[in-house]
Amino acid sequence: MVSMSANVELHSQMKGGVFGALKRAVGGESAFVSTFTARGGAGEVTLAPGAPGDVTGIDMENQSFKVQSSSYLAGDTSLQVDTKFGGAKAFFGGEGLFVLEVSGSGLLLVSSFGAIHRKILRPGEQYVVDTGHLVAWEGHMQYNLRKAAKSGFFRSFVSGEGLVAEFSGPGELLIQTRNLAAFAGLLKPFFPSQGSGSGINFGS
């Protein structure tokens, strides 16, 4: 939360009890759920994700979306948010074992690292996305993981490098233009390794 109207109340609770909090924690969410309620009239709440990028809304009408846990920002209280086991697909795709499943009707807000590109697939249309660029996709969509290149299969499959998800339409995909893991790897040479000194020498 960045700011809010004075008539907005913020209430945090461990929704769903200990089991519900545990599911959210393993899915990459906070164990606590924050609810903003306007009292006596309309109110305003401004939100910002941790990473620099876009925030976009999905107006859901009795739909289901799978969302990478790092991309979930907020949603109407009418929406149900559950942590789902992603299985080998999610793990070998480098995105962790769990994804969030958001279902119902209402406004869902997702965030990205970089800009968000929305892609709507026609029935039978196929589309390939690097796993590190996925933000969200409609829950009914089928997809398969495969390596992007023809060489280095084992390294790609275990590390998540070079893996892509091939989706089949119909349905909507939300894709981020930047990859946080790749960006972190780009910056790594500029930071001292753990256990090393500062790298600065002072002459006598």
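General observations
- Remark: the stretch 112-128, residue by residue, has Karplus-estimated 3J(HN,Hα) of 9, 9, x, 7, 9, 10, 9, 10, 9, 9, 7, x, x, 6, 10, 8, 10 Hz, where x stands for each Gly or Pro and the curve is 6.51 cos²θ - 1.76 cosθ + 1.60 at θ = phi - 60°.
- Protection-proxy order for peptides 109-121, 173-185, each taking the mean of Cβ atoms within 10 Å per residue, highest first: 109-121, 173-185
- Amide hydrogen proximity for GLU125: with H placed 1.01 Å from N in the peptide plane, the residues at 5 or more positions away or on another chain lying under 5 Å are GLY169.
- Spin-label model distance (nm) - ASN7 vs PHE32, 7 Å beyond Cα toward Cβ: 2.6
Here, each number is a calculation from the coordinates, and none is a lab measurement. Just so you know, these numbers come straight off a predicted model, no measurement behind them. Neighbour counts are summed over all protein chains in view; Cβ atoms, including those assigned to glycine, are modelled from backbone coordinates with ideal geometry.
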